[in-house]
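Engineer: Below: one structure in structure tokens.
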Amino acid sequence: MELKGEIKEIIYRNEINSYMVATFETDKNEETVIVGYLPFIEKGDSLNLVGNFIEHPEYGMQFKIETFEKLMPESLDAIEKYLSSGKIKGIGPATARKMVDSFGKEIIEILRFEPEKLVCIKGITKEKAFQISEDFNSNWDIWKIVGYLEKFGIGPQSAETIYKKLGANTIEQIEQNPYILVDLSPKTNFNQIDQIAIKMGMDLENDLRIRSGIKYALKLASLNGHSAVLYENLIQFSKELLSVSEEMIENNVIFLQTKKEIVLELRDDKQEWVYLENYYKAEKNIAENLIALDNYLNTKEIKGFNKKLKKVEESSNIELSEKQKEAIEAVQYNNVCVITGGPRNW
């Protein structure tokens, strides 16, 4: 279902992920409450929304947004309202009125492509005209980015994060290397990006593709609880994922290692394991802290431990098993104890 209209009031906005609750006036002059992720959206913006009405148990009927498109205002009143909203530095209500009166609906094209024409308006110098145009086009680029990322399966909540990391030339960078999306958006599906990238002309044996696939394989392993994988397993999985030669994968593993994006570790059993750099650092940090803690003086050791433990058993009418006693003794005599094993149902 589609709704077209304007944001009338913002009821709530999460500044971290851009989740918003707002009142929305449709082009049929009907007002409804909308909920969803709306990055870069402000009061007064015109939108085309795709979604469905849902019944909230507490707040009633709401329109839940799946995707959206930000629209340029169409009527002269809407254009004037947008320009005077404060979104574009250097344009206030009076200047917005003069711009609309002078150029009508052509003002949008002038702001985008011919800002020098704005100098005919009193108070706008050539320098100011180009600054106004730059601000306007910056907003225009943001709107395009949200829509552009949809084809990669990336929703509005991630689009803002990607834009903040890549900046104004986000689309150009993605067109050069679509696989950067796999690094920038954790929930991005590599296979989906890969299919689109190949349609865009990316060669199967392109090193950017292979490196991204290798890192994606390591991320998949982490979802199964593994911070590292055996070298030969990584090569085999990447080979099946990417349909390229083993030699190409090995060459790119070496490249990623030299760039410190991955770490290869040869363990005592002569097996080689591969980590993503951040996972390796995390494990190393944990290990170093455990060793440091274990080397401290044990100040918690209880004197007469066995007698006191027996008294506790008697007073609580609980008889500990040998394994339970072993665990308590380990805590008594060691600074660090690592308990492993799955949970039990009691």
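Engineer: Tally time: how many residues in segment 303-321 are exposed (fewer than 11 other Cβ atoms within 10 Å of the Cβ) and within 49 Å of the chain's Cα centre (by Cα)?
Structural biologist: Residues meeting the conditions: 1.
So that you can scan it fast, the table gives a plain yes or no per residue for (1) of a type in the set (A, V, I, L, M, F, W, C); (2) under 27 Å from Ile254 (Cα atoms):
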{"position": "Ala159", "(1), (2)": "yes, no"}
{"position": "Asn169", "(1), (2)": "no, no"}
{"position": "Pro178", "(1), (2)": "no, yes"}
{"position": "Ser185", "(1), (2)": "no, yes"}
{"position": "Phe190", "(1), (2)": "yes, yes"}
{"position": "Ser222", "(1), (2)": "no, yes"}
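Engineer: Can you spot a residue in segment 69-78 that is part of a strand (DSSP E or B), modelled with pLDDT of 90 or more and either among the β-branched types (Val, Ile, Thr) or closer than 27 Å to Thr161 by Cα (or both)?
Structural biologist: no
Engineer: Right, another one. Is at least one residue of segment 271-291 modelled with pLDDT under 95 and either farther than 30 Å from Leu256 by Cβ or touching a His at 6+ places or on another chain (Cβ under 7 Å) (or both)?
Structural biologist: No, because not a single residue in segment 271-291 is modelled with pLDDT under 95 and either farther than 30 Å from Leu256 by Cβ or touching a His at 6+ places or on another chain (Cβ under 7 Å) (or both).
Engineer: Here's another thing I want to ask about it. Read through the list (1) outside any loop (DSSP other than H, G, I, E, B); (2) in contact with a Gly (Cβ under 8 Å, 6 or more places away or on another chain); (3) not β-branched (Val, Ile, Thr); (4) not assigned by TED's automatic domain parsing to the domain that holds Met20, then give the number of the only condition that Glu66 fails.
Structural biologist: (4) is the only condition that Glu66 fails.
Engineer: Next up: Which residue out of Ser243, Ser238, Ser315 is in contact with a Leu (Cβ under 9 Å, 6 or more places away or on another chain) and either farther than 25 Å from Ala327 by Cα or of a type in the set (Gly, Ala, Ser) (or both)?
Structural biologist: Every option except Ser243 fails the conditions.
Engineer: Moving on. Of the conditions (1) in the same structural domain as Thr125 (by TED's automatic domain parsing); (2) touching a residue at least 40 places away in the same chain (Cβ under 8 Å); (3) over 18 Å from Trp140 (Cα atoms), Gly90 fails just one. Which one is it?
Structural biologist: With (1) in the same structural domain as Thr125 (by TED's automatic domain parsing); (2) touching a residue at least 40 places away in the same chain (Cβ under 8 Å); (3) over 18 Å from Trp140 (Cα atoms) applied to Gly90, the lone miss is (3).
Engineer: Given the criterion loosely packed, with under 15 Cβ neighbours inside 10 Å and free of Cβ contacts under 8 Å to residues at least 24 places away in the same chain, identify the matching residue among Asn14, Asn48.
Structural biologist: Every option except Asn14 fails the conditions.
Engineer: Ok, one more. Considering only residues that are of a type in the set (Lys, Arg) and farther than 13 Å from Lys70 by Cβ, look in segment 3-26 and name the one that is farthest from the chain's Cα centre (by Cα).
Structural biologist: Lys8
Engineer: Select, from Ile198, Ile214, Ile210, the only residue that is within 22 Å of Ile249 (Cα to Cα) and free of Cβ contacts under 8 Å to residues at least 12 places away in the same chain.
Structural biologist: Ile198
Engineer: Same structure again: If Lys128 satisfies all but one of (1) crowded, with 20+ Cβ neighbours inside 10 Å; (2) modelled with pLDDT of 90 or more, what's the number of the condition it fails?
Structural biologist: Evaluating Lys128 over (1) crowded, with 20+ Cβ neighbours inside 10 Å; (2) modelled with pLDDT of 90 or more leaves (1) as the failure.
Engineer: Among the residues of segment 79-125, count how many are within 36 Å of the chain's Cα centre (by Cα), at pLDDT below 90 and assigned to a helix (DSSP H, G or I).
Structural biologist: Qualifying residue count for the region: 7.
The values are calculated or read from the model by the stated rules, or taken from the named source; none is laboratory data. Owing to the predicted nature of the structure, the values given are computational and were not obtained by experimental measurement. Every residue, glycine among them, receives a Cβ derived from its backbone with ideal geometry; neighbour counts consider all protein chains shown.
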